[in-house]
Amino acid sequence: MYNRSLSNRETCDREWLVHSKELDKVFCFWSKLFRQRYKKGGLDNEGYSDWKHASQGLKDHEVSFEQLKHMHQWLEMRQRLDSNETIDKEAYEHFKKEKDYWKEVIFRIIALVKFLAKHGLAFHGSNEKLYQKSNGNFLGLVEMLEEFDPIMKEHVRRILNDELHIHYLGHNIQNGLIQLLADQVKTEIIKRIKQAKYYSIILDCTPDISHQEQMSIIVRYVNFNSNFVTIEESFLGFLVVDDTTGKGLFDVRTKELESLGLHIVDMRGQSYDNGANMKGKRSGVQSRFLEKNPRALYSACGCHSLNLVLSDMANTITKSRVFFGTIQQIYTIFANSINRWQILKDNVKGLTLKSLSVTRWESRKDSIKPIRTQLVEVRKALKEVSVSDRDPKIQSEARSLEKHEVGDYEFLVQIVIWYEILSNVNVVSKKLQSKDVVLDVAIDEVDKLIKYFKNYREVGFLKVIDEAIEIANELDSINIKNSKNIFGFLFPKKLKTLDEKDLKARCYHLQDAFKYKEESDVDAKELYLELKLIRTFLPSHIVSPINALNDIM
C-alpha cells in the first residue's frame, strides 16, 4: 500500500501514508495535520482498516480535493521548516534547545552510572537529596561534576529552585540504566557465544546476605571477535535457587539456558565444586546434563579439589586443628582491641597479622607467614599484652600463648611445616586459577605438587627439625638472658663477688619469681643463709657446667 501504481506502470511513494501497529489501521499524515472536518472511519480521523476495499479507498482519498489541498499545505510547511522561516520559529528554537539540553544531561547521567558500575561502587545512600549527608556516590559525583560542567550546573540549579519535577537523578533511573547496560553487555556476550557455537558452563551456589541461595553462571567459550583468538570466561549473572537438589539446580539452569538462546546440544564441558548435588553420578547436575548431551564432559574444579585435600588433611589431625586454633587466637587477641593492635604494630614492624580464611585453605599461608617470619617480635607483643592489658582474661590468654603455645617446640615444628606446605600449594592454586591456564600445564603443576609431597615425606621433615631448632635457639637466647637475671647470681663466679646486701636482694628476687598466690617454691631467708655458708667453702678452681654456662653468658 505504500506504493501507488500508475497507469503507465510507474510507481510513486505514498509518503503521506502511515500505519499504526497498535491499532492496525492506516492514516493520512497530511490530513492529520491540516484537517478541518472529521469523517468517521476516515484516514484523517479514526483511521482506515477496511482491508477488503483498501486499494480503492486509498485511491479515492489521494485524488480528492481535500488531499490535494493538504499536500500543498504540507509542501509549503516543509519548505519553511527547511529554511527555518515558520511562524513558530522562536518556539521551535526553544524546543530544540531544551531537547539538546536534556540529551546532554542524560549523556552525563549515563557516564556516571557506567563509572560506578565499572568500578563496583555503591550508588545509593540513606537519602536522595543533593548536598545532604549520606546521599550516596551517585549524587556525590553529580555535586562534584556541577562544579566544573555548565550543563550539570544548570541542571542542579533548576532542581534546587524547584523548576523541575522530573530530574532523572533518582534511584529508579539509576537502576533502569544499570539494567539497560547489563542487558546490552549480556546480549553482546551471548552473541559471541553463539558465534563460537560450542561452550562450557561453570556453576557455583552460595547464600547471599539474606540467606537466599543463589547460583552464579559463568560460560567459557572461544572469542573470535578480537585480532587474536582467545578463551573467554564471562559471568552472566545470579539465579535465585529455592530447590538445591540436583534436579532443582538442573531445572533452573536449563530454563536459563533456554531463555538465553543457548542449546544444551552445543555444550562441551561442565565444571562445579565437589558437592553431591553438583557432581553426583546418579542424580547430580552433571549426570542430568550428560543424559541430555553425553558430550558435555564433566570436570571437577581443580582449586576446590585441592582445597578439600588440605582441609581434610588438617582436620583429621587433632594437633593441626589445635595449631590453627592457636594462630587464630593470636590474631584475635590483637584484632579485638585498638590498644592491643597498637602494641602489635609497635613490636612487629614487618608483615601484619591476618585472620584465617574459613573456606580457602591455601590462603592460610598469608596468616601463618607473619608469625613464622616474626615469631620473636610477636612473642614480645604477647608478653607486653600479658603485663599491660586491663582485662584479666586477655592477660591470662596472652601469657599462656607467650610462655607455652608460641614457644612450644611442637608449635615451632608445625609452623615450619604448614608454612612450607601452604606456600607450595598456594603457588599451584594461583596457576590453576590464572586466565591463560591450559590443561597440560595444569596437569604438570599438580604432578609437581604430588612429587613435592612425596619428597617432603622422605627428606623434608629432617630439614623442618633443623629449622625448628634454629627458631627455638633464637627464642631461647632471649629466655636464657631472662634466666640469667633470675638465676645468674647462683653461678660460682658471681656468687663469690656479691656482698651480703646484694645477695639477700637476689634471694628475694628469686622468691618473687616463683611466687603464686602468696606461696613460693623458694624461702629467701633460708636460701640467703645457705648461700652464705656455701660460698665460704667454694674452691676457686671448681669448673662445672654452671661455670661454663656463666663463662658463655
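The values are calculated or read from the model by the stated rules, or taken from the named source; none is laboratory data. Quick caveat, the model's predicted, so the values are computed rather than measured. Here the Cβ is made from the backbone with ideal geometry for all residues, glycine too, and neighbour counts use every protein chain on show. These accessible areas exclude ligands, DNA and RNA; they are computed on the full protein's heavy atoms, side chains included. Shrake-Rupley method; radii C 1.70, N 1.55, O 1.52, S 1.80 Å.
Here are some notes:
- Loop-located trypsin sites (Lys or Arg not before Pro) in the range 114-217 (DSSP state not H, G, I, E or B) with no more than 13 neighbouring Cβ atoms inside 10 Å: K129, K133, K197.
- Projecting the Cα atoms of F453, T497, A472 onto the dipole axis of the range 376-508, where Lys and Arg carry +1 and Asp and Glu carry -1 at the beta carbon, places T497 farthest toward the positive end.
- Kirkwood Rh, Cα atoms: Rg over Rh of the range 115-231: 1.12
- Among the trypsin sites (Lys or Arg not before Pro) in the range 205-296, those placed in a DSSP loop whose Cβ has at most 10 other Cβ atoms within 10 Å are K281, R282.
- Rounded to 0.05, the FRET efficiency of the L23 and V265 pair, given R0 = 41 Å and the Cβ-Cβ distance, is 0.45.
- In a reduced charge model with +1 at each Lys and Arg Cβ and -1 at each Asp and Glu Cβ, the chain shows a dipole moment near 660 debye about its Cα centre.
- Here the 3J(HN,Hα) profile of the range 164-175, calculated from phi with Karplus coefficients 6.51, -1.76 and 1.60 at θ = phi - 60°, is 10, 9, 10, 10, 6, 10, x, 5, 5, 5, 4, 5 Hz, Gly and Pro shown as x.
- Where chymotrypsin sites (Phe, Trp or Tyr not before Pro) in DSSP loops with at most 10 other Cβ within 10 Å are excluded, longest remaining stretch of the chain: 229-536
- Just the protein heavy atoms count here, and of the accessible area of the chain at 1.4 Å, carbon and sulfur take up 55 percent.
- The relative contact order of the chain, computed from alpha carbon pairs under 8 Å that lie at least 6 residues apart in sequence, is 5 percent.
- Once C-alpha pairs closer than 8 Å and six or more residues apart are averaged by separation and normalised to the residue number of the range 130-218, the relative contact order reads 12 percent.
- The chain gives an Rg/Rh value of 1.23, both radii derived from C-alpha positions and Rh following Kirkwood.
- Taking amide H atoms as placed 1.01 Å from N in the peptide plane, the amide H of E46 lies under 5 Å from those of G41, each 5 or more residues away in sequence or on another chain.
- With Rh defined as the Kirkwood radius, the inverse of the mean 1/r over Cα pairs, the Rg/Rh of the range 241-369 is 1.20.
- Subset of K25/K191; K393/K430; K354/K517; K345/K454; K380/K496; K194/K281 violating a 32 Å alpha-carbon distance limit: K25/K191; K393/K430; K354/K517; K345/K454; K380/K496
- Relative contact order of the range 1-60, pairs being alpha-carbon contacts under 8 Å that are 6 or more residues apart, as %: 21
- Label-to-label distance, W51 versus Q342, with points set 7 angstrom from Cα along the beta-carbon direction: 8.4 nm.
- Solvent-accessible area of V446 with every protein chain in place, 1.4 Å probe, in Å² to the nearest 10: 60
- Across all directions, the shadow cast by the convex hull of the range 11-153 built on its C-alpha atoms averages 15.1 square nanometres.
- Dividing the summed -39500 (n - 2.57) terms of all DSSP H runs of n ≥ 4 by the residue count of the chain sets its mean residue ellipticity at 222 nm at -19000 deg cm²/dmol.
- Selection among V285, A314, A335 by position relative to the dipole of the range 281-358 gives V285 as farthest towards the positive end (Cβ unit charges, Cα centre).
- Working note: Cα gyration tensor of the range 249-305, eigenvalues times five, square-rooted, sorted largest first, giving semi-axes of 19, 12, 11 Å.
- Nearby lysines by direct alpha-carbon distance to K525 (threshold 18 angstrom, same-chain neighbours under 8 apart not counted): K501, K504, K515
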